[in-house]
Amino acid sequence: MYQYSEQDHQLLLERVSQFRGQVARRLKGELSEEEFKHQRLRNGLYLQLHAYMLRVAIPYGLLSSEQMRTLAHIARKYDKGYGHFSTRQNIQYNWPKLEDVPDILDDLAKVEMHAIQTSGNCIRNTTSDPLAGVARDEIEDPRPYCELIRQWSTFHPEFNFLPRKFKIAVSGATQDRAAVAVHDIGLRLVKSKTSDEIGFEVYVGGGLGRTPMLGKVIRAFLPKQDMLTYLEAILRVYNMLGRRDNIYKARIKILVHETGEEKFRELVEAEWEKIKAGGLYLKEEDFNWVKGFFNDPEYDILPDQDADFENLMLSNADFARWVDKNIELHKQSGYRIVYLSLKTAHQPPGDVTADQMDAIADLADKYSLGHIRTTHRQNLVLSDVQLKDLPVLWEELKALDLATPNYNHVTDIISCPGLDYCALATARSIPISQAITARFDDYDFINDLGDVSINISGCINACGHHHVANIGILGVNKKGTEVYQLTLGGSAREDAAIGKIIGPAFEADEIVDAVSKVLSVYLENREDPEETFLTAYRRLGPALFKERLYG
């Protein structure tokens with residue numbers, strides 16, 4: 001992973017010192033809340049329903065064991081003993097005291113972490129494939145490009161006060177595990193159709209919220225050396241023409257929609273022609289420098305089979321289930337990728353206790369070369385586990401309640417904090433996600449359903465990404481009552497789609513039964529057990545589901 005230079009360290013220390021002074025002025029009453037708001041947002045600090053919330057950046061989802069231990073320390077000392085991993089691959093703390101935040105940022109800086117630009121109208125944390133560098137379907141490792149974007153975008157003077165927040169995702173594999181189509185800019189590494197050159201397919205104008213849209217491909221192939229100049233051109237067009245008079249129409253997706261895809265492309269290409277010969281042109285030495293931080297570790301030469309592993313697969317059904325659901329093949333023979341499920345009946349989705357974080361750091365050191373990944377679906381990954389270590393790792397994960405065999409299945413629910421924490425929320429989402437998990441927490445049923453996603457948001461801002469779930473749930477307040485809309489047919493993968501509202505909303509005590517009915521229609525009408533929920537829904541259409549739900 002990227003190692004900070006002396007200048008990087010100095011920058012963070014100065015930033016912490018600056019914010020410490022701003023906090024002191026706020027506590028003394030020398031700054032009003034409105035004056036302080038813009039300062040705290042630039043440092044990742046929100047004012048939520050009950051307390052402040054601090055969002056810590058995890059660039060492209062990559063953590064060292066040392067950094068994870070610091071996150072555990074912060075949860076234990078400054079919060080209520082846990083943190084919440086978000087769909088942006090970041091971690092959030094829901095209960096820090098304002099006077100403690102500078103000390104938290106100081107502790108983060110010591111391990112090369114910060115909360116800069118995790119909020120506000122600026123370029124946020126760049127996200128990526130959690131399997132970057134180890135996936136078998138990878139065209140090229142996207143992490144070096146994410147790091148270049150991070151360094152280019154942090155404190156960029158021209159883009160620090162955009163019309164609205166701005167999110168970029170980069171994927172380097174044939175499977176899209178980064179949801180590039182629902183970002184303001186999505187970059188997919190692809191091979192040129194006319195040569196072996198690798199470049200980017202560029203999506204612009206994706207986003208969820210009250211007006212969900214999929215990004216449009218405005219350039220089918222962009223040479224890698226032009227990545228930053230092209231991003232700069234897109235941001236300049238957005239910064240000049242994006243709406244600043246209406247917060248609901250300020251995202252780039254609205255600009256692309258109202259301008260038109262072709263016209264927007266022309267504007268970007270014209271701006272790009274002006275700037276692409278400038279200093280942001282990436283040279284071979286730039287790529288070599290940043291790729292040096294992401295070289296493969298010295299993997300042991302191992303066989304891709306192990307007798308003890310095979311015997312346990314045959315003799316222990318629980319172990320076999322976990323391997324089937326939470327283990328992926330690694331590009332290196334003799335290694336596996338392990339998903340740590342943060343979706344159990346005992347904790348809200350995405351939550352991890354300080355003790356669990358410390359234990360995960362120890363497991364990473366012991367079994368996975370000291371690295372941990374965070375995922376778009378609010379789980380964690382140990383990316384470099386030797387096949388022979390899986391049995392003992394499984395035992396240790398079970399003891400930590402991190403071995404639920406449900407990755408990409410019905411109880412692997414994405415959930416925002418909802419009305420339990422968020423000042424913007426209009427309904428609770430955590431209790432609904434827990435009720436769904438309790439109803440369907442049976443391995444045989446989960447296994448029979450196969451690959452199906454459920455996401456829930458507690459308001460129209462869609463932080464739970466309900467629009468792009470196979471089954472999406474949106475909580476809204478209707479005349480003082482929390483009710484829940486169902487959307488069906490969404491996807492955040494390479495076949496990205498926005499789900500459609502199926503009909504009238506359900507009350508809180510009805511929504512789990514409604515989900516059960518939707519799943520029953522699928523099980524009764526799928527062509528065979530291999531047909532996924534999404535494939536079946538697209539074939540069947542909404543009519544059968546509506547009939548079952550509303551009679």
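Derivation of every value follows stated rules applied to the coordinates shown; laboratory data play no part. None of these values were measured; they are calculated from a predicted model. Backbone-built Cβ (ideal geometry, glycine too); neighbour counts: all protein chains shown.
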* Counting only DSSP beta bridges with both residues in the chain, tell me the antiparallel percent, nearest 5. => 80
* Structure fact -> Within the under-12-Å Cβ sphere about residue 361, not counting residue 361, Lys/Arg +1 and Asp/Glu -1 give a net charge of -3
* To do: Can you pull a Stokes-Einstein diffusion coefficient for the chain at 4 °C (1.567 mPa s), Rh from Kirkwood over Cα pairs, as a whole number of µm²/s?
  => 54
* Asked: Could you give me the ³J(HN,Hα) list for segment 293-306, computed from phi with Karplus coefficients 6.51, -1.76, 1.60 and θ = phi - 60°, whole Hz, x at Gly and Pro?
  -> 7, 10, 5, 4, x, 7, 5, 6, 7, 10, x, 8, 8, 8
* In whole Å, what is the distance between the alpha-carbon centres of segment 406-453 and segment 464-484? -> 12
* Residues in segment 153-167 near a label at residue 270, defined as backbone nitrogen under 11 Å from the 7 Å Cα→Cβ point? -> none
* **Amide N proximity, segment 448-472 versus residue 517 label position 7 Å along Cα-to-Cβ, cut-off under 17 Å** => 471-472
* Structure fact -> Surpassing 31 Å at the alpha-carbon level, of the pairs 253/478; 191/366; 28/110, are 191/366
* Report, in debye and to the nearest 20, how large the dipole of segment 56-194 comes out about its Cα centre when Lys and Arg carry +1 and Asp and Glu carry -1 on their Cβ. => 380
* Can you give the alpha-carbon Rg of segment 134-293 over 2.2 N^0.38 Å, where N counts its residues? -> 1.01
* To do: Using a Förster distance of 41 angstrom, determine the FRET efficiency expected from the C-beta separation of residue 366 and residue 246, and round it to 0.05.
  => 0.20
* To do: Beyond 18 Å between alpha-carbons counts as too far, so tell me which of 224/291; 479/517; 343/388; 165/249 fall in that bin.
  => 479/517; 343/388
